[in-house]
Amino acid sequence: MAAGRVPGVPGSTYRLQLTPEFGFAAAAKTADYLADLGVTHAYLSPVLDAVPGSQHGYDVTDHSRVRPALGGEDGFRALAGRLRDRGIGIILDIVPNHMAVPNDVTLNRQLWSVLRDGRESPRAHWFDVDWAAQDDRMLLPVLGAPLESCLGDLRVDSGGGPDGEPVLRYFDHVLPLRPGTPGLPLRGLLDSQHYRLAWWQDAATELNWRRFFDIATLIGIRVEDPDVFDASHEVIVRLVAEGLVDGLRVDHPDGLADPRGYLRRLADATGGVWVVTEKILGPDETLPSDWACAGTTGYDALRVIDGLFLDPAGGAALTAEYTRFCRTSGDDSPASQFAPVALEAKREIAQGSLAAEVTRLVRLIGSVSPTANPDDVRPALTEILAAFEVYRAYVHPGELPSAAAQAAVSEAVDSAKRRLPQRLHGLADELGGAALGTLRPPPDAAGRAGEFEVRFQQTAGPVQAKGVEDTAGYRWSRLVPLNEVGCEPDRFGVEPAEFHAAARRLSADWPTTMTTLSTHDTKRQEDVRARLAVLSEMPREWGAQVGQWHSRAMTLAGAAAAPANPDTVDPDTEYLLWQTLVGAWPISGDRLAGYLTKAIREAKRRTTWTAPDQGYEEAVLGLAARVLDDPDLSRSITGFVDQIAGDALANSLGAKLVQLTMPGVPDIYQGCEVAGLSLVDPDNRRPVDFARIRADLAAVESADVDAAAPDAGPAGRGPAEAGHLDVLSRAKLLVTSRALRVRSARPEWFAGDYQPLSASGPAEDHVAAFQRGGRAVTVVTRLPAGLRRRGGWRDTVLSLPGRPRPGAIWTDLLTGALHRGPAIPMSELTIRLPVALLVPQGE
């Protein structure tokens, strides 16, 4: 371990997405490259056994073994040994909230037991089943149509079970049979099971067990039960104890009944190993201080880093261009703000795909408050859930709610009351009290009251996630980089002072949290967002350009009367298309079609996953195909992307350097040390050509610095029109490797304090700079297009601190250039790159 590194804390992590095609043996081949890059820990996607063919591993089927499709435990140990030989540790992604409901239920032994033996099963405590809601049966929504239409496809297999017992088969579904029932006639047999087969669409309204969000192939587990915790963490805890695993990333803690209690138990079981949680924080929300973890997985850092490179002054003009385009393209009333779009989407989710979860809450409140009318409770509860601005309030039954929890619930209730009729205001207050645990229930309903507190929180999170991230984020396309997980699209940009305040809070409160710019769940990888951030500096030019492209596309379609066509692409989707093309250009037709299909189905306005509208989808994909096939449009988009490439490069390098050097442990998502222009999954989970990137790293190391770090400064001499992605990749690889290496060599610099630095002069607003640990100084250019328009840096200088000594000479680790303090002209600092990483000469 390098001197100064906090014991047990990674210096940096590199996310690897494991699949059957890229298992432990393939991951081991990256060890030399990761070491050369400067990474201290490989961060692996889930490794426990999962559904056959799973490309992500979050659909765990068996907690008792490492996934054979990845290489099994022997393969994992070989990977750990290879990484250890290169000085690299392992961080594991774990999934405590849920496991798979596989088609072949024999793969999930706990669920098999419950489906066979019902609530008397010794594994019944594993799952949150509301048995009373379905007459002591679990709803199993696996049929392709209502039951009566599927009877002919159901058959009994006399020896297909784990111990040779009879099973029920429905195509590739394998289900247990209740002992003593296999010889019954089919209808009698079905009626005798501890489960009720149903059409898959019935899950939204009738499901009686907790799932992951609205996915009925992932069943929630009761990890708060010590027995379930021990069984589901046995392998993970053992690998930690053996020293093969150095830290954990906890998936979706907000799905748990008691995140705080879970993290405490995990810390006890693992000896306090480094843990980060996939907690999505609102812009004004803080991580609960009583959580036994190092912090989050970094979406809060992503928000402020991205915001630093957006021009707040461009927000109003971009909104005007967006609403103008929507009006002229067929929408008479486009939303000028995201908040009402999100509210509507959350309401739809609570009334639609998560209606079963709301129904469970309605039943629970009936026990806690017997006088409440269920017909009134449902709309009141729906409005409160839709009004929630955060994933959940951390209420613990039997404890007084915290001030933060009271504020979250009170704000949601007050917001709901503004939309509810006056007669329901008292009920809304009562529901808020029940959610906080302050409502006094009848003596015999205390347990149900506590259950309501927990279930309310476990429902609020999915409504927020599905409503905001997976629906509204695809409906409102003013500037899509802002529609990222954990961001707030109505908040346009982050001034340096706000960024510095956030960084100082992390340094003081969560110094070893994770920071990120791209994950397996981000809607757009970091360089797509960095490129589109340039639009905030040129809103009117962008609006004019989109207008030209739209006119050309309509001409190609012969669509003079297009607004009257029911299959015409809605303006929000078209506006999303143009931004997607610019952000991810060049992009293949297959990638674009896959992304757009997902986007419009997630938006749920004209088509959905559950009820696809073939005509509308063909219209959207037809528009995309015409754009790609038209030489004039392709040339125009290429020209526009080339025009902004230099500014996009400055944003990309600036964001990356800030992420790598700010407080926290930086994570690099696989492949994002070079140009990362992928879109939402599965696009961002495509295989990475590690051999090529390693060769590029060697070339960057051996090349003259001017070849690896081309001029992209404010004078505008950015990347050449041809090959600007290669230019970005070389420069980004240079920045990433040199920042990671200095972090690894001098960890004490980055575990130390955080000090904002100031520039002075006519372009001072275009500088963001800070010092870490009294040594390393990060300097980045922000808003490069505006900087160029104002004539460059002119007399702007960066004032360096007196530490380590006044007038010290500083080395830029990125270019090798030497600079004498205490005041360095920004034009000198950025002559080769728009960013700098300065350290005292000789240290």
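The values are calculated or read from the model by the stated rules, or taken from the named source; none is laboratory data. These numbers come from a predicted model, not from an experiment. We place every Cβ from the backbone using ideal geometry, glycine too, and count neighbours over all the protein chains shown. To get the accessible areas, we keep the full protein, side chains included, count just its heavy atoms, and leave off ligands, DNA and RNA. Shrake-Rupley method; radii C 1.70, N 1.55, O 1.52, S 1.80 Å.
Just a few scattered comments:
- If only residues of segment 413-435 that are under 33 Å from the mean Cα position of the chain (by Cα), free of Cβ contacts under 8 Å to residues at least 40 places away in the same chain and not in a helix (DSSP H, G or I) are counted, the one that is surrounded by the most Cβ atoms within 10 Å (Cβ to Cβ) is Arg419.
- Filter pass, Ala267 being assigned to a helix (DSSP H, G or I) and touching a Cys at 6+ places or on another chain (Cβ under 9 Å): yes
- In summary, Pro586 fulfils each of the numbered conditions (1) in a loop (DSSP other than H, G, I, E, B); (2) open to solvent by 20 Å² or more (accessible area, probe 1.4 Å); (3) farther than 24 Å from Ser652 by Cβ; (4) not acidic (Asp, Glu) with the single exception of condition (3).
- Flag for Val620 being open to solvent by less than 20 Å² (accessible area, probe 1.4 Å), assigned to a helix (DSSP H, G or I), among the β-branched types (Val, Ile, Thr) and within 23 Å of Gly473 (Cβ to Cβ): yes
- Members of segment 766-807 found to be on the phi < 0 side of the Ramachandran plot and without any contact (Cβ under 8 Å) to a residue 40 or more places away in the chain, listed by number: Ala769, Gln771, Arg789, Arg790, Asp795, Thr796, Val797, Gly802, Arg803, Pro804, Arg805, Pro806
- Neighbours by Cβ (under 8 Å, 6+ apart or cross-chain): first from segment 251-278, among the basic types (Lys, Arg); second open to solvent by less than 10 Å² (accessible area, probe 1.4 Å) and modelled with pLDDT of 95 or more: Arg265/Phe229
- Hey, Ser410 of a type in the set (Ser, Thr, Tyr), out of contact with any Lys or Arg (no Cβ under 8 Å at 6 or more places or on another chain) and open to solvent by 40 Å² or more (accessible area, probe 1.4 Å) or not: yes
- Criterion (over 26 Å from Ala320 (Cα atoms), over 18 Å from the mean Cα position of the chain (by Cα) and open to solvent by 10 Å² or more (accessible area, probe 1.4 Å)) met by exactly one of Ser507, Ser551: Ser507
- Restricting Val680, Val627, Val641 to residues that are surrounded by 18 or more Cβ atoms within 10 Å (Cβ to Cβ), under 20 Å from Gly583 (Cα atoms) and in contact with a strand residue (DSSP E or B) (Cβ under 8 Å, 6 or more places away or on another chain) narrows the list to Val680.
- Odd one out for Arg249 among (1) crowded, with 22+ Cβ neighbours inside 10 Å; (2) assigned to a helix (DSSP H, G or I): (2)
- Taking the numbered list (1) at pLDDT below 95; (2) touching a Leu at 6+ places or on another chain (Cβ under 6 Å); (3) not charged (D, E, K, R) in turn, Ala808 passes all entries but (2).
- Scanning segment 303-320 turns up no residue that is of a type outside the set (Lys, Arg), open to solvent by 40 Å² or more (accessible area, probe 1.4 Å) and within 22 Å of Thr513 (Cα to Cα).
- Within segment 499-535, the residues that satisfy the criterion of being in a helix (DSSP H, G or I) and closer than 11 Å to Gly676 by Cβ are Glu526, Asp527, Val528, Arg529, Ala530, Arg531.
- Within segment 368-409, the only residue that satisfies the criterion of being polar (S, T, N, Q), at pLDDT 95 or above and within 23 Å of Pro442 (Cα to Cα) is Gln406.
- For segment 659-680, residues that are assigned to a loop (DSSP other than H, G, I, E, B) and either of a type in the set (Ser, Thr, Tyr) or on the phi > 0 side of the Ramachandran plot (or both) total 3.
- Selection status of Gly261, out of contact with any strand residue (DSSP E or B) (no Cβ under 8 Å at 6 or more places or on another chain), farther than 27 Å from Arg392 by Cβ and not hydroxyl-bearing (Ser, Thr, Tyr): no
- Selected residue (criterion: most open to solvent (accessible area, probe 1.4 Å)) from residues of segment 436-455 that are at pLDDT 90 or above and either in a helix (DSSP H, G or I) or over 20 Å from Ala404 (Cβ atoms) (or both): Glu451
- Residues in segment 52-61 that are open to solvent by 20 Å² or more (accessible area, probe 1.4 Å) and either touching a Gly at 6+ places or on another chain (Cβ under 8 Å) or free of Cβ contacts under 8 Å to residues at least 60 places away in the same chain (or both): 2 in all.
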